[in-house]
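Undergrad: Questions regarding the structure given below will be posed in turn.
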Amino acid sequence: MTRSPQTPRKLRSLRTISALMLREMNATYGRVMGGYLWAILEPVGGIMLLTFAFTLALRAPSLGTNFPLFYASGLLPFIMYSDLSQKVAVSLRFSKQLLFYPAVTFVDALLARLLINGLTQILIYCLVVTGIITVYDVRVILDIPAIALALSMAISLSLGIGTMNCFLLSLYPTWERTWAILTRPLLLISCIFFIFDDVPEPYSSILWYNPLVHLVGQSRKGIYSFYDGSYVSPLYVFGISLVTLSFGLVMLRKHYRTIINN
């Protein structure tokens, strides 16, 4: 039997991605005492703050009876997208010195950051939701496939937007600040503090085009078995992910050498 020439290349790429993931773990979480603990405490602190603020004004959340679970169902997928897309967007900057080695490609750098941070965010989601259900003794029937779909949508959108921004901010430094300004209102218009069903027309028709609304809606469908969320379109989110990812990869491939030599 002849050995496929692609096998060694795939093994080298796997080893490279694994090494980059270990480097990411050490750089992001290993330098600070309890680095992973802080990654968990950050969303927990945000959820508790929202709970305290809104319980003063509202008797019950828009879904269910537990404020922390309601805000966790919206805030956690939003944080996952925000963190992952930002980490992927600066992948080349983070690993720039290593990209001069022939064994390391820009795809390796993108995948390494996506994988290690994606796994971290999935762990945070599971721990926080489970912790809230346990501590408050909330009676819910979790739809695991629906939650898995929500997390898949968040990861795919993060990869697509992150890859597109990786190209744009690598060649156009002002894009990073421009993007931050453009996306600043997202926390308020992604249905984290309310549900999409409560938004009147014509605003709901406009809000529907925000892909994060679909992430949050799908997450809540997985946590609240009685929530219909018929407006959620995974196909729409995956479509945006595919288009932005394709654009980013094509442009990175075309301008890769210019980027790493800048």
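Undergrad: Could I have the simple spin-label model distance between LEU37 and VAL138, label points 7 Å from Cα toward Cβ, reported in nm to one decimal?
TA: Result for the modelled spin labels: 2.5 nm.
Undergrad: Which order, highest average first, do 229-237, 157-165 follow once you tally other Cβ atoms within 10 Å for each residue and take the mean per peptide?
TA: On the way: 229-237: 16.6, 157-165: 24.3.
Order by mean packing, descending: 157-165, 229-237.
Undergrad: Shifting gears a bit: What 222 nm value per residue comes from the helices of the chain, counting each DSSP H run with n ≥ 4 as -39,500 (n - 2.57) and dividing by all residues, nearest 500 deg cm²/dmol?
TA: -23500 deg cm²/dmol
Undergrad: Report ³J(HN,Hα) in whole Hz for each residue of the range 73-78, in order, from the Karplus equation J = 6.51 cos²θ - 1.76 cosθ + 1.60 where θ = phi - 60°; Gly and Pro get x.
TA: Residue by residue, the range 73-78 yields 4, x, 6, 5, x, 5 Hz.
Undergrad: Same structure again: Would you give the gap between the C-alpha center of the range 210-262 and the C-alpha center of the range 44-122, rounded to a whole Å?
TA: Answer, in whole Å: 14.
Undergrad: Could you give the angle, 0 to 90 degrees to the nearest 10, between helix 6-25's Cα long axis and the longest principal axis of the Cα atoms of the chain?
TA: Helix 6-25 sits roughly 60 degrees off the main axis of the chain.
Undergrad: Here's another thing I want to ask about it. For the chain, with the dipole built from +1 on Lys and Arg beta-carbon atoms and -1 on Asp and Glu ones, taken about the Cα centre, which of ILE223, ALA19, ALA53 lies farthest toward the positive end?
TA: Result: ALA19.
Undergrad: Take the Cβ-Cβ distance between ARG257 and ALA27 as r, set R0 to 22 Å, and report the resulting FRET efficiency rounded to the nearest 0.05.
TA: Values: r = 25 Å, r/R0 = 1.14.
Between ARG257 and ALA27 the formula returns 0.30.
Undergrad: Provide the gained length on full extension for the span ALA53 to GLU201, in nm with one decimal, where the gain is 0.36 nm per separating residue minus the Cα-Cα distance.
TA: Details: separation 148, 0.36 × 148 = 53.28 nm, distance 2.73 nm.
That works out to 50.6 nm of additional length.
Undergrad: Also, quick follow-up: Sorted by packing (mean other beta-carbon atoms within 10 Å per residue), highest first, where do 143-152, 252-261, 87-96 land? Walk me through the numbers on the way to the answer.
TA: Values: 143-152: 17.1, 252-261: 13.8, 87-96: 21.0.
The most tightly packed comes first, giving 87-96, 143-152, 252-261.
Read the figures in this text as sums done on the coordinates, not as results from a lab. What you are looking at is a predicted structure, and each value in this text was computed from that prediction instead of being measured. As a convention, Cβ positions derive from the backbone with ideal geometry for all residues, glycine included, and neighbour counts pool all protein chains shown.
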